[in-house]
1. Looking at the stretch 2-88 only, what percent of DSSP beta bridges run antiparallel? Nearest 5 please.
2. For the chain: lysine pairs with Cα atoms under 12 Å, gap of 8 or more or different chains, count?
3. Take the Cα pairs of the chain, get the Kirkwood Rh, then feed it into Stokes-Einstein at 4 °C and 1.567 mPa s and tell me D in µm²/s.
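All of the numbers you see were taken from the coordinates with simple rules; none came from a lab. Model, not experiment: these values are computed from the prediction.
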Amino acid sequence: MDSVLAEWIRENDLEKPLLEHRVVEQWGKILGPLIARYSRDIEVKDGLLRVRITNAALRQELFEQRFRLIQKLNDAVGGEAIKDIRLLG
């Protein structure tokens, strides 16, 4: 059954949107409660993750680590959902 569902998802080009949804859904679990506490308006569209971070110091730290974050998020959801991150204030 799993293989049939996986094939249907691939055939209908739903793999990427599903991975993007997983990133949004799992943001707090993947990056932890501290980052989740300061995160708002999390969305992914066409591989661009946009997150409003309400703490300037944390936003700067995440910006400096954005390439590591991209890798960590993609690894956690099992595919290339994120290509870039935009951190907003």
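1. In the stretch 2-88, approximately 50 percent of DSSP beta bridges are antiparallel ones.
2. Final tally of qualifying lysine pairs is 5.
3. 96 µm²/s
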